[in-house]
Structures are given as structure tokens and as C-alpha cells.
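Visitor: For reference, the structure I am asking about is given below.
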Amino acid sequence: MTPSLALLLLLALVGCSSGQTVSLSCTQVPGALVQIDAGNGQVFGVNSAGMIYTLYSGSWTQLPGALTHVSVGAAGVWGVNRDNLIYKLVGAEWVQTQGLLKQVDAGGAQFISGANMKDDIFCLGNNATVSVKDGSALPWVNIEGKLKYYSCGPLGCWGVNSADDIYYRFGSTPSSCQGSSWQQVEGKLSMIEVGSDRSVYGVNSEGDMYRRNGISASNPLGSSWSQVTFGGRKFKHVSQDLGKLWVITTDQAIFKCQL
């Protein structure tokens, strides 16, 4: 990771419907990443060479192995490599598990979800995620539909398909991760992430970032989208945890924003 000068910027959340702007301070974090994920108070990411990093005591620490996507949450730390092989971090070692995915998400209530290279959607219930052994068979559940990116949180799961259409999955629980039904949500996004606090953020194909407003236990789909902008930058990836928004820009710069 190449260090860069820490920089304080202003983050503006622009309300699409009301026109109101909420300003937040963001600090550039040294290094360069193409994907980042935050959960359970931890932050992991991968760079363009597939090197894996975690943030420890304010500095990036490289982990062994190579991944294209990494995720941390209640189900632990999981990742996939360029061959779509799936790994779980057990102790200090990556343990390969059964199955193939191009994207994995550990943000569910101790269950795993993700999409494979054919945009088929899968999840793994909480009983299986806590007992992973090297090479052991796992009861992956195929969920109806097609998505290229799928992320889960306390109030359900969100995903986007190859046309960047956005969908919400009802009924996903630790013991029944497959859920019950889909509902399309207005808008277009190329990736989407659900935070441990129910927050939903995403980025579209133009590099614009959005936040979902109005999410609650009684209204898990929320009510509208607000655009997130600062400094004219374009975005590639976003993740939120414990009141902090972690952002990767299209030039691989890393920013931490206090919510």
C-alpha cells in the first residue's frame, strides 16, 4: 500500500426530493484499494493486485493470500478469488469452502450471501457458517432470480442485476436465508451494500453514490434515494459500519467519513 497525504474534505449528502444538504467531514486514508468492506468494527479491502488488507490500529496490515472481493460481518470474514473460489478466515488462515462465487457478503445475521459468475444467487444459513471446515460440503441454498451483487443486513437483503435494477428480498433470516419474495425498488445501481445499522448505500455505473432514506423495521424498503457527493469525485465502492462511511473512488483513493 502506497501511503498518501491525509486530507480533510467535506461530504455533502444531497437530498434528491427536498434539496437539503447535510455536510460531513471525510479524511483520506493512506493507500489504494478497489473494494472495501466494514462490519463488526473491522475493515477489510483488496487492491488491484488482489492483495488483502485489514485496518489494524489505524494502519493497513497485509494478510496472506489473494482475493478479488472480501467481506466482514456477523458471519466472520469471507472472500473470493479470481477463480471464484470461496474462503473463510479461520484464525490467521484462509480455509477454502465448497462452492463458487464472484461476490460474497458476510453482513447477514450470521449467514452468508452472494452471487456467482452466472448471476445465480446463493446463501448459507447460520448453522453452516459457524462450522466451516477445509473442503467440507456446505448446504448452499439457491435463491430464485439473477443478481450480480447481493448484500444483507438486519432488515433484509438488497441486490442489483445486470441491468442495474435494484431489488429488496423479504423474509431473510439466519435459519431461512433464502427469504420469501422480491420487490423492485426505483433507481439504478451497479453495487449496493447494507450496513449493520440497516443503512443502505450504493454506487451507479456513472460513479455516483446514493443513500437510501427512511429505512425502519416497519418500512425496510425505505422511501427515497439521496445522492452523496464531495469534491466532484466519482466512486467505485462504499461500505458503512459503526457510524463511519468507507468510500473507494474510481482512482482507488480511500476515504473515511464520520456519520
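The values are calculated or read from the model by the stated rules, or taken from the named source; none is laboratory data. Since the structure is predicted, the reported quantities are computational estimates derived from the model, not experimental observations. Cβ coordinates were reconstructed from backbone atoms using ideal geometry, including for glycine residues, and neighbour counts include every protein chain displayed.
Visitor: Among Leu138, Leu155, Leu147, which is over 13 Å from Ala75 (Cα atoms), in contact with a Pro (Cβ under 9 Å, 6 or more places away or on another chain) and among the aliphatic types (A, V, I, L, M)? Explain how you work it out, then say what you get.
Guide: Working: Leu138 fails: in contact with a Pro (Cβ under 9 Å, 6 or more places away or on another chain); Leu147 fails: in contact with a Pro (Cβ under 9 Å, 6 or more places away or on another chain).
On inspection, the qualifying residue turns out to be Leu155.
Visitor: Of a type outside the set (A, V, I, L, M, F, W, C) and closer than 23 Å to Ile143 by Cβ: which single residue out of Gly50, Gly31, Gly99 fits that description?
Guide: Gly99
Visitor: What are the residues in segment 117-133 that are touching a residue at least 24 places away in the same chain (Cβ under 8 Å) and among the small types (Gly, Ala, Ser), if any?
Guide: Across segment 117-133, the qualifying residue is only Gly125.
Visitor: Somewhere in segment 52-63, is a residue small (Gly, Ala, Ser) and in contact with a His (Cβ under 7 Å, 6 or more places away or on another chain)?
Guide: Looking through segment 52-63, none of the residues is small (Gly, Ala, Ser) and in contact with a His (Cβ under 7 Å, 6 or more places away or on another chain).
Visitor: Tally up the residues in segment 48-104 that are under 17 Å from Asn116 (Cβ atoms) and β-branched (Val, Ile, Thr), please.
Guide: Final tally of qualifying residues: 6.
Visitor: I would also like to ask the following. Scan segment 217-242 for residues that are touching a residue at least 40 places away in the same chain (Cβ under 8 Å) and either among the small types (Gly, Ala, Ser) or closer than 15 Å to Lys188 by Cβ (or both) and jot them down. Step through it out loud before you land on a result.
Guide: Filtering segment 217-242 down to residues touching a residue at least 40 places away in the same chain (Cβ under 8 Å) leaves 217, 220-221, 224-231, 236-242.
Within segment 217-242, Ala217, Ser224, Trp225, Ser226, Gln227, Gly231, Ser239 qualify.
Visitor: If I ask for residues that are part of a loop (DSSP other than H, G, I, E, B), at pLDDT 75 or above and either of a type in the set (Gly, Ala, Ser) or touching a Ser or Thr at 6+ places or on another chain (Cβ under 9 Å) (or both), which ones from segment 115-139 would you list?
Guide: Once the filter is applied, which keeps residues that are part of a loop (DSSP other than H, G, I, E, B), at pLDDT 75 or above and either of a type in the set (Gly, Ala, Ser) or touching a Ser or Thr at 6+ places or on another chain (Cβ under 9 Å) (or both), segment 115-139 yields Asp119, Gly125, Ala137, Leu138.
Visitor: For the subset of segment 54-101 comprising residues that are in contact (Cβ under 8 Å) with a residue 60 or more places away in the chain and closer than 16 Å to Ser239 by Cβ, which member is nearest to the chain's Cα centre (by Cα)?
Guide: Taking segment 54-101 first, the residues in contact (Cβ under 8 Å) with a residue 60 or more places away in the chain are 62, 73-74.
Of the ones still in play, those that are also closer than 16 Å to Ser239 by Cβ are 73-74.
Details: Gly73: 10, Ala74: 13 Å.
The extreme case among them is Gly73.
Visitor: Determine if segment 143-156 includes at least one residue that is in a strand (DSSP E or B), in contact with a Leu (Cβ under 8 Å, 6 or more places away or on another chain) and among the β-branched types (Val, Ile, Thr).
Guide: Scanning segment 143-156 turns up no residue that is in a strand (DSSP E or B), in contact with a Leu (Cβ under 8 Å, 6 or more places away or on another chain) and among the β-branched types (Val, Ile, Thr).
Visitor: Give Gly65, Gly19 a once-over and let me know the one that is part of a loop (DSSP other than H, G, I, E, B) and either loosely packed, with under 15 Cβ neighbours inside 10 Å or at pLDDT 85 or above (or both).
Guide: Every option except Gly19 fails the conditions.
Visitor: Working only within segment 172-209, note down all residues that are among the hydroxyl-bearing types (Ser, Thr, Tyr), farther than 11 Å from Gln240 by Cβ and assigned to a loop (DSSP other than H, G, I, E, B).
Guide: Correct list: Ser172, Thr173, Ser175, Ser176, Ser180, Ser190, Ser205.
Visitor: May I pose another question? Can you spot a residue in segment 196-208 that is surrounded by fewer than 21 Cβ atoms within 10 Å (Cβ to Cβ), modelled with pLDDT of 95 or more and either among the acidic types (Asp, Glu) or under 13 Å from the mean Cα position of the chain (by Cα) (or both)?
Guide: Checking segment 196-208: at least one residue is surrounded by fewer than 21 Cβ atoms within 10 Å (Cβ to Cβ), modelled with pLDDT of 95 or more and either among the acidic types (Asp, Glu) or under 13 Å from the mean Cα position of the chain (by Cα) (or both).
Visitor: Out of the residues in segment 209-253 that are at positive phi and either over 18 Å from the mean Cα position of the chain (by Cα) or among the polar types (S, T, N, Q) (or both), state the one that is surrounded by the most Cβ atoms within 10 Å (Cβ to Cβ). Before the answer, list the steps.
Guide: Within segment 209-253, the subset at positive phi is 214, 222, 231-232, 242-243, 252.
With either over 18 Å from the mean Cα position of the chain (by Cα) or among the polar types (S, T, N, Q) (or both) added as a condition, the list becomes 214, 222, 231-232, 252.
On the way: Gly214: 10, Gly222: 19, Gly231: 12, Gly232: 5, Gln252: 16.
My answer is Gly222.
Visitor: State the number of residues belonging to segment 68-108 that are surrounded by fewer than 20 Cβ atoms within 10 Å (Cβ to Cβ), farther than 23 Å from Asn161 by Cβ and among the charged types (D, E, K, R).
Guide: 2
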